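Right, one structure below, let's go through it.
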Amino acid sequence: ERDGIYHRTDEGGQSDYRQRWEAEAAENPVRSAIAADETDRVDFETLTAKTGPVWQRFPRERHFETVLEIGAGYGRIPLYLARERRVSWSTYIAIDISGTMLERFVEYRDRFAPAPTVRLYPIRTSADSLPLEDDSVDLAITSAVFLHMGKRFVRDTVAEIARTLKPGGDFVFDVSFPNARNPTNLLLQLKPERFRPPHFMKFWTRREVESLLVESGLAAKAGGITIEPGAYALLPKRVGPVPLPLARRANRALGKPPERLAGILAESFLVTSPGLAS
């Protein structure tokens with residue numbers, strides 16, 4: 001433990017991936033975490049912007065003994081759950097590859113959702129090898145993290161979540177699996193490898209996502225899985241650095257497409273345990 005952040009003593013040096021996230025976190029943690037517009041504001045509304053529907057329908061006033069968050073960043077999701085959904089926990093384990101992000105996590109938790117009786121463990125480590133005991137976690141969550149990780153690391157991380165989750169435990173993987181078949185993602189997939197930064201998005205088919213959850217053992221551990229579109233989209237929000245006019249309005253107007261088109265127009269896939277899907 002150093003300055004409130006836990007560090008693994010057996011980890012190697014800085015990877016390009018970690019250096020990228022550390023640099024972005026130091027420059028602007030909010031923009032790095034949620035691709036927000038440039039702002040110097042640090043308030044609850046700014047920090048919890050772009051909180052998706054799955055968190056807005058999260059069961060109110062649920063209590064969990066131990067919560068594990070992968071890619072916790074500055075704490076956007078627990079801030080929202082604690083204040084807006086009155087969700088509570090006894091122990092919170094915040095995993096992130098960036099120590100700078102975890103410093104902001106501790107700062108913002110104390111400022112906007114103080115929980116003095118909660119045991120908080122901000123751990124700077126890679127998520128594919130968790131320093132946790134088997135069957136020790138009641139709820140595992142992540143938001144907009146897996147989409148930046150290489151698929152091998154995602155598979156290893158999900159296997160670690162399966163190992164550490166208690167039988168019958170819950171999980172939420174939000175904005176985690178961009179749909180490889182969605183038309184808005186096709187241009188991104190054509191970008192040459194040499195021009196892609198280390199945290200460039202990775203794309204998945206629904207079948208790949210289902211296989212990941214089954215083969216990792218997480219589906220069996222949680223008593224099943226629910227896979228659904230996180231959002232629908234027909235037009236990309238931008239082409240390169242240039243915003244596409246009216247794209248957001250057109251995508252919102254889609255509503256829920258016919259079943260035969262849902263697997264194509266799904267912008268990404270949301271995966272939850274059955275108990276948190278309703």
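The values are calculated or read from the model by the stated rules, or taken from the named source; none is laboratory data. What you see is a predicted model; the values in this text were computed from it and never measured. A quick note on method: Cβ atoms are made from the backbone with ideal geometry, for glycine too, and the neighbour counts reach across all protein chains shown. Just the protein is used for accessible areas: all its heavy atoms, side chains included, with ligands, DNA and RNA removed. Shrake-Rupley method; radii C 1.70, N 1.55, O 1.52, S 1.80 Å.
Pairs of Cα atoms under 8 Å, at least six residues apart: use those to get the relative contact order of the stretch 45-131, whole percent.
Details: 137 pairs, mean separation 26.5, N = 87.
It comes to 31 percent, rounded to a whole number.
Taking square-rooted eigenvalues a ≥ b ≥ c of the alpha carbon gyration tensor, is the stretch 211-278 rounded, prolate or oblate, where a/c under 1.5 means rounded and, failing that, a/b exceeding b/c means prolate?
Numbers: a/c = 3.07, a/b = 2.21, b/c = 1.38.
Since a/c reaches 1.5 and a/b is larger than b/c, the shape of the stretch 211-278 is classed as prolate.
Can you give the helix-only mean residue ellipticity at 222 nm for the chain, where every DSSP H stretch with n ≥ 4 adds -39500 (n - 2.57) and the sum goes over all residues, rounded to the nearest 500 deg cm²/dmol? Write down the numbers at each step before the final one.
Details: 12 runs with 99 residues, N = 278.
Result for the chain, helices only: -9500 deg cm²/dmol.
List the residues, sorted by chain then number, that are 5 or more residues from residue 72 or on another chain and whose placed amide H is less than 5 Å from its amide H.
For residue 72, whose amide H was placed from the backbone, the distant partners under 5 Å are 95, 96.
Given R₀ = 41 Å, FRET efficiency for residue 261-residue 28 by Cβ-Cβ distance, to 0.05?
After rounding, the FRET efficiency stands at 0.65.
Mind telling me which of 259, 210, 24 comes out most flexible in a GNM of the chain, alpha-carbon contacts under 10 Å?
Looking only at 259, 210, 24, the largest GNM fluctuation is found for 259.
Round to a whole angstrom and tell me the spacing of the C-alpha centers of the stretch 80-138 and the stretch 155-217.
22 Å
Got a sec? What order do 41, 196 fall in by accessible area at 1.4 Å, biggest, i.e. largest, first?
41, 196
Would you kindly state how much longer the chain becomes between residue 151 and residue 135 on full extension, computed as 0.36 nm times their sequence separation minus their alpha carbon distance, in nm to one decimal? Walk me through the intermediate numbers first.
Values: separation 16, 0.36 × 16 = 5.76 nm, distance 2.41 nm.
Extra length available between residue 151 and residue 135 comes to 3.4 nm.
By how many nm would the segment from residue 86 to residue 44 lengthen if fully extended, with 0.36 nm per residue of separation less the alpha-carbon distance? Spell out each step's value before the answer.
On the way: separation 42, 0.36 × 42 = 15.12 nm, distance 1.49 nm.
Residue separation times 0.36 nm, minus the Cα-Cα distance, leaves 13.6 nm.
Quick one: grab the alpha carbon gyration tensor of the chain, order the square roots of its eigenvalues as a ≥ b ≥ c, and give me rounded if a/c is under 1.5, else prolate or oblate depending on whether a/b is larger than b/c. Let's see the in-between values first.
Details: a/c = 1.38, a/b = 1.23, b/c = 1.12.
It is rounded, given that a/c, with a ≥ b ≥ c, falls under 1.5.
For the chain, modelled as a GNM with alpha-carbon contacts under 10 angstrom, which of 86, 109, 194 fluctuates the most?
The residue with the greatest mean-square fluctuation here is 194.
If you roll a 1.4 angstrom probe over the protein chains with everything in place, what fraction of the accessible area of the stretch 127-250 belongs to carbon and sulfur, to the nearest %? Display every interim value, and only then the final one.
Details: 3560 of 6120 Å².
After summing per-atom areas, the C and S share lands at 58 percent.
Counting only residues 5 or more places away or on other chains, whose amide H sits under 5 Å from the amide H of residue 175 once H atoms are built in the peptide plane?
144
Using only the Cα atoms of the stretch 1-119, build the gyration tensor, take square roots of its eigenvalues as a ≥ b ≥ c, and label the shape rounded, prolate or oblate: rounded if a/c is under 1.5, else prolate if a/b is larger than b/c, else oblate.
Values: a/c = 1.88, a/b = 1.25, b/c = 1.50.
Oblate.
In square angstrom, what is the accessible area per residue of the stretch 218-278 with a 1.4 angstrom probe?
Numbers: 3470 Å² over 61 residues.
Normalised by residue count, the accessible surface of the stretch 218-278 is 57 Å².
Obtain the nm distance between the two label points defined at residue 252 and residue 2 by a simple spin-label model: each point lies 7 Å from its Cα along the Cα-to-C-beta direction.
4.6 nm
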